[in-house]
Amino acid sequence: MDFLVCVADERHEHFAEEIVETIFLAAQQRGTGIARRTPEYVQSKMREGKAIIAVTSAGTFAGFCYIETWEHGRYVANSGLIVKPEFRKHNLARHIKRAAFDLSRSRYPDAKIFGITTSAAVMKINSELGYRPAHFLDLTQDEDFWNGCCSCPNHDILERTSRKMCLCTGMLFDPSEETSSTVAALVHIDIPIPQQP
Ligand SMILES: CC(C)(COP(=O)(O)OP(=O)(O)OC[C@H]1O[C@@H](n2cnc3c(N)ncnc32)[C@H](O)[C@@H]1OP(=O)(O)O)[C@@H](O)C(=O)NCCC(=O)NCCS
């Protein structure tokens, strides 16, 4: 199956509704909470060039992820990763996460890149990209980021631990700890930009 993975732009805005719905349904199925995003928010990310989208060669939406900055660009989070159920297990999440990682590195080369997740697939992909498990106190302390956890059914755990730990694992890529092998991996990644129809 052929997919095009690229930086999203205005041409992909019509997918926003489907993206938000797919993320919401997946969270319901997994029993996890998410920082619920509106289609307008997803569209703004596309216009800002801060989202990665995957579409099939037939033009069907297949996957998505966006980047957000915290503490004035000191931290970047790759959030909202979703692959439509029928396209899973094709390495698509791996390609989307790599593209989001490259986008983050090129736009915010000095930022620490982080995420919190319960997903085994995401932990595996993040590790491949050079993230390591990190204490929540090493992640951004921006209130707005953590407020995104309020809709999670496990939020009481986060509150009880004064935001030090929860069921999610924190993962962090620190550019100051970058190894040469990570740099070598970066230069081989190509993000194709689709042609105008
Ligand atoms: C998690 C998700 C994005 C993975 O997408 P995907 O395209 O199927 O993942 P990939 O095919 O790129 O798989 C990457 C690796 O993760 C593994 N993996 C995929 N799904 C997995 C799962 N449910 N459990 C354990 N490992 C899994 C794959 O086997 C692969 O490793 P391998 O190459 O060593 O075998 C997708 O299942 C999804 O959208 N889930 C719902 C939303 C979600 O959980 N988002 C993450 C929020 S942090």
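The values are calculated or read from the model by the stated rules, or taken from the named source; none is laboratory data. The structure displayed is predicted, hence computed values, not measured ones. Note: ideal-geometry Cβ built from the backbone for every residue, glycine included; neighbour counts use all protein chains shown.
Would you check which residues across the stretch 117-170 are closer than 19 Å to GLY80 by Cβ, of a type in the set (D, E, K, R) and modelled with pLDDT of 95 or more and list them? Within the stretch 117-170, LYS124, ASP142 qualify.
Does PHE24 count as farther than 22 Å from ASP142 by Cβ, hydrophobic (A, V, I, L, M, F, W, C) and under 12 Å from the mean Cα position of the chain (by Cα)? Taking the combined requirement at face value, the residue does not satisfy it. Taking every residue in the stretch 48-72 that is closer than 14 Å to ILE19 by Cα and pairing it with any residue that is modelled with pLDDT of 95 or more and of a type in the set (Asp, Glu), at least 6 positions away or on another chain, the pairs with Cβ-Cβ distances below 8 Å are PHE61/GLU18.
The set of residues in the stretch 57-75 that are more than 19 Å from ASP9 (Cβ to Cβ) and part of a strand (DSSP E or B) comprises TRP70, TYR75.
The residue that is nearest to ALA27 (Cα to Cα), counting only those in the stretch 81-121 that are assigned to a loop (DSSP other than H, G, I, E, B), within 12 Å of the ligand (Cβ to nearest atom) and without any contact (Cβ under 8 Å) to a residue 60 or more places away in the chain, is SER119.
Residue by residue, here is whether (1) more than 30 Å from ASP174 (Cβ to Cβ); (2) touching a Gly at 6+ places or on another chain (Cβ under 9 Å) holds:
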site	(1), (2)
MET46	no, no
ILE52	no, yes
ALA62	yes, no
PRO85	yes, no
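When the stretch 171-193 is filtered for residues that are charged (D, E, K, R) and at pLDDT below 95, the ones remaining, listed by number, are GLU177, GLU178, ASP190. ILE52 falls short on exactly one of the conditions (1) outside any helix (DSSP H, G or I); (2) farther than 14 Å from ILE96 by Cβ, and that condition is (2). Selection of the stretch 129-182 for residues being without any contact (Cβ under 8 Å) to a residue 12 or more places away in the chain and part of a loop (DSSP other than H, G, I, E, B) yields THR161, SER162.
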